[in-house]
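A.B. asks: Let me give you the structure first, and then I'll get to my questions.
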């Protein structure tokens, strides 16, 4: 099961807040309740831990642990039953000054069922299980190649991660005739085959045996990409993973970007393509029909409050309060909200454009 961007955003921002707090001693409480586990058993366990905490020698630490457990217990008592996917809860004294009490509690139902039970008092909140849920595990292999250049990269989530590259020793074409031309062409073919073999070995080193590899997409200008697949001695396991071959105008970094953009048919269900498509629609309207779009916080908020916004585009680089403010109004008018990452070129453009944009249902006078 994969997370949508809303779920990932919700967890990431909680984690970001929790990571800012550090206990002076082992006094920050983390509790993970697995799906289907009885809430009453967890509460009883915490009550027992509260009793045990009375033995802590340091008066300050003892008070902080007991107070954190009390806050956690009272919070859990307000929840009738364990949520469908379980619950992750955190409590502790987060006051910056020692001796001051500011005990807070947080809880979140994860989007994926929890299968672990944790109780821990530590100097940091235990966030690894939630971090693991946010991590994108599935990858696609990307290979861009011609007779001169080869790049191997992976697409993880919405980010192209270059892995390795190589340049060939294939000699250029010469204006010679007769046997010299034939000999030169043989040398070019042999050098190309060696280069293809080199890229195939690079693919093997990067991808073979990776259980998270969903597929490989190969692209490049001209015939070279086809020759590479046919003659490159790619292992059978990886050859079977090739899900698309794309004709490109470029190699190198530009080629990798072009390969991603031309692979929307095979990556249609991936978050990166959904994000790129909606942002491309916005930018196309911005260029050709500006009355169908709006951008900038104040202009978009005005359109949103009029019910004129069809799709609200919010950069994940916005602060929580601003996102919450826009989302609350969007719900009232049935507006589709898209949280846009800064991991794509389009997402970076939105961030630089003011972080808030909209595709409109109808034109609004600004």
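A short reminder: the numbers here are calculations on the coordinates, not readings from a lab. Everything quoted here is computed from the prediction, not taken from an experiment. When we count neighbours, we look across all protein chains shown, and the Cβ atoms used for this are built from the backbone with ideal geometry, even at glycine.
A.B. asks: Translational D (Stokes-Einstein, µm²/s) of the stretch 207-263 at 37 °C and 0.692 mPa s when Rh comes from the Kirkwood sum over C-alpha pairs?
C.D. replies: 274 µm²/s
A.B. asks: OK, next. Nearest 10 degrees is fine. How inclined is helix 59-77 to the longest principal axis of the chain, computing both from alpha carbons?
C.D. replies: 80 degrees
A.B. asks: Then there is this: On the first, second and third principal axes, largest extent first, how far apart are the outermost C-alpha atoms of the stretch 145-267 in Å?
C.D. replies: 52, 27, 21
A.B. asks: Would you calculate the separation in nanometres between label points at residue 243 and residue 298, each defined as 7 Å from the Cα along the Cα-to-beta-carbon direction?
C.D. replies: 4.6 nm
A.B. asks: Another question about this same structure. Given the options 72, 306, 203, state which has the largest fluctuation in a GNM of the chain using a 10 Å cut-off (strictly under) for Cα springs.
C.D. replies: 306
A.B. asks: Treating only the Cα positions of the stretch 5-134 as identical point scatterers, give the base-10 log of I(q)/I(0) from the Debye formula at each q in 0.11, 0.12, 0.15, 0.22 Å⁻¹.
C.D. replies: -0.36, -0.43, -0.67, -1.34
A.B. asks: So how far apart, in nm, are the two label points at residue 118 and residue 201 if each is 7 Å from Cα heading toward Cβ?
C.D. replies: With each label placed 7 Å out from Cα toward Cβ, I get 4.3 nm.
A.B. asks: Let me ask something additional. Using only Cα atoms, tell me the angle between helix 271-288 and the longest principal axis of the chain; keep it within 0 to 90° and round to the nearest 10.
C.D. replies: Rounded to the nearest ten degrees, it is 80.
A.B. asks: Using 0.36 nm times the number of residues separating residue 57 and residue 317, minus their current alpha carbon distance, what extension gain do you get?
C.D. replies: So the chain would gain 89.2 nm between residue 57 and residue 317.
A.B. asks: Using Cβ contacts closer than 10 Å as the measure, can you line up 28, 332 from fewest to most?
C.D. replies: With the fewest neighbours first, 28, 332 line up as 332, 28.
A.B. asks: Which percent, nearest 5, of DSSP beta bridges in the stretch 272-360 are antiparallel?
C.D. replies: Just about 60 percent of them are antiparallel.
A.B. asks: For the stretch 208-346, what are the per-bin percents of Cα-Cα distances with bins 10 Å wide, up to the bin holding the maximum?
C.D. replies: Over the stretch 208-346, the share of Cα pairs per 10 Å bin runs 10, 30, 27, 17, 13, 4, 0 percent.
A.B. asks: Oh, and also: Using DSSP, restrict attention to beta bridges with both residues in the chain and report what percent are antiparallel, rounded to the nearest 5.
C.D. replies: Among the beta bridges of the chain, antiparallel pairing accounts for roughly 70 percent.
A.B. asks: Still on this structure: Per DSSP H run of n ≥ 4, the term is -39500 (n - 2.57); total these for the chain, divide by its residue number, and report the mean residue ellipticity at 222 nm rounded to 500 deg cm²/dmol.
C.D. replies: Theoretical 222 nm ellipticity from helices: -13500 deg cm²/dmol.
A.B. asks: Please order 134, 121 by the number of other Cβ within 10 Å, starting at the fewest.
C.D. replies: Neighbour counts put them in this order, fewest first: 134, 121.
A.B. asks: How long are the three semi-axes of the equivalent ellipsoid for the chain, computed from the Cα gyration tensor as the root of 5 times each eigenvalue, in whole Å, largest first?
C.D. replies: Rounded to whole Å, the semi-axes are 51, 30, 17.
A.B. asks: Would you mind ranking 91, 263 by Cβ crowding within 10 Å, fewest neighbours first?
C.D. replies: Going from least to most buried by this count: 263, 91.
A.B. asks: Sticking with this structure for a sec: Taking 7 Å along the Cα-to-C-beta vector as the label spot, tell me the residue 337-residue 97 distance in nanometres, rounded to one decimal.
C.D. replies: 3.6 nm
A.B. asks: Helix 320-332 sits at what angle to the longest principal axis of the chain, using alpha carbons and giving 0 to 90 degrees rounded to 10?
C.D. replies: 90 degrees
A.B. asks: Starting from the Kirkwood Rh over alpha-carbon pairs, what translational D in µm² s⁻¹ does the stretch 66-188 have by Stokes-Einstein at 4 °C and 1.567 mPa s?
C.D. replies: 63 µm²/s
A.B. asks: Give, in nm to one decimal, the length gained when the segment between residue 287 and residue 20 is fully stretched (0.36 nm per residue of separation minus the Cα-Cα distance).
C.D. replies: 92.0 nm
A.B. asks: Using every Cα-Cα pair within the stretch 272-360, state what percent have a distance larger than 22 Å.
C.D. replies: Every Cα pair in the stretch 272-360 considered, those over 22 Å come to 16 percent.
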